[in-house]
Amino acid sequence: MGTTLALSLRMNAGTKARKPNLDSLREQARDCRACDLWRRATQTVFGEGPARAQAMLVGEQPGDAEDLQGHPFVGPAGALLDRALVDAGLDRNKLYVTNAVKHFKWEPRGKRRLHKTPAQQEIEACHRWLEEEIAILHPRLIVCLGATAARAVTGRPVKVGDSRGNIVELEAGPALLFTVHPSFVLRVPGDARKHAYDALVADLKVAADYLD
Ligand code: URA
């Protein structure tokens, strides 16, 4: 059974009432100019997955590969996430995968485009898309991958290290599960990376059991 924390989803009443579909939402988000990130990004990277998905995975923002290809979690972090999902017994094709921020924020470093953490203001500007995705999908479970996702979903800072791996039942709406971002696992040096990966898989198994 899950724990109940004094958390709620950050949703406004208007969003709950309005219900466009995912395709029209994706179409609207294509031209989003709510913050400046669109100027340096190739395109909006919107969420993907079945509209009837029982679970939604929320990451931070698209990376370099996602920005170029236009799909969430298709770069190195996506490859690790895919492997972890398989090891946890979850089928990515049955999940809706999205990000708190829909444009890639980066700074040049030589020929490379280096990921830059989005500012709170940019997360705020993008929040309406995430809210609408949640309102349309009505998932049973939202898995927050990392602190940016956790904060975007709940509207407050969450210490992922302390809260990870437990199902958090809310009074209303989907349950939440917090875990680390796959990029965190990729940054762990040496032998400790295997441990970090196994811990991510263990958290995702909690999601798999909950959905069973
Ligand atoms: N990191 C994220 O948070 N999301 C992606 O889609 C890719 C990398």
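Each Lys and Arg adds +1 at its Cβ and each Asp and Glu adds -1 at its Cβ; summed about the Cα centre, the chain shows a dipole of about 560 debye.
Net length available on complete extension from Asn21 to Ala79 is 18.0 nm, with 0.36 nm assigned per residue and the Cα-Cα distance removed. One Cα centroid belongs to the range 165-212, the other to the range 65-111; the line between them spans 15 Å.
The candidates Met56, Met11, arranged from most to least accessible area with a 1.4 Å probe in the full protein assembly, appear as Met11, Met56. What 222 nm value per residue comes from the helices of the chain, counting each DSSP H run with n ≥ 4 as -39,500 (n - 2.57) and dividing by all residues, nearest 500 deg cm²/dmol? Calculated from helices alone, the mean residue ellipticity at 222 nm is -12500 deg cm²/dmol.
Around the Cα centre of the range 91-140, unit charges on the Cβ atoms of Lys, Arg, Asp and Glu (plus for the first two, minus for the last two) sum to a dipole of about 460 debye. Divided by 2.2 N^0.38 Å, where N counts the residues, the Cα radius of gyration of the chain comes to 0.96.
Shape class of the range 78-138 from the Cα gyration tensor (axes a ≥ b ≥ c, square roots of the eigenvalues): oblate, since a/c reaches 1.5 or more and a/b does not exceed b/c. For the range 71-212, averaging the sequence separation of C-alpha pairs within contact (under 8 Å, six or more residues apart) and dividing by the residue count gives a relative contact order of 26 percent. The share of accessible area on the chain that comes from carbon and sulfur is 50 percent, using a 1.4 angstrom probe. The mean accessible area for residues of the range 56-212, using a 1.4 Å probe and ignoring ligands and nucleic acids, is 44 Å² per residue. The gain in end-to-end length when the Asp36 to Lys116 segment is fully stretched comes to 27.4 nm, 0.36 nm per residue minus the alpha carbon separation. Ranking Gln43, Ala65, Cys32 by how far each Cα lies toward the positive end of the dipole of the range 28-72 (charges on Cβ) leaves Cys32 at the top. Projecting the Cα positions of Ala125, Pro157, Val185 onto the charge dipole of the chain (unit charges on Cβ atoms of Lys, Arg, Asp and Glu, taken about the Cα centre) puts Ala125 furthest along the positive direction.
The values are calculated or read from the model by the stated rules, or taken from the named source; none is laboratory data. The model shown is predicted, which means the values in this text are computed figures rather than measured ones. Cβ sites come from the backbone with ideal geometry, for glycine too, and all protein chains shown count toward neighbours. When the accessible area is computed, the model is the full protein with side chains, heavy atoms only, and any ligands, DNA or RNA have been set aside. Shrake-Rupley method; radii C 1.70, N 1.55, O 1.52, S 1.80 Å.
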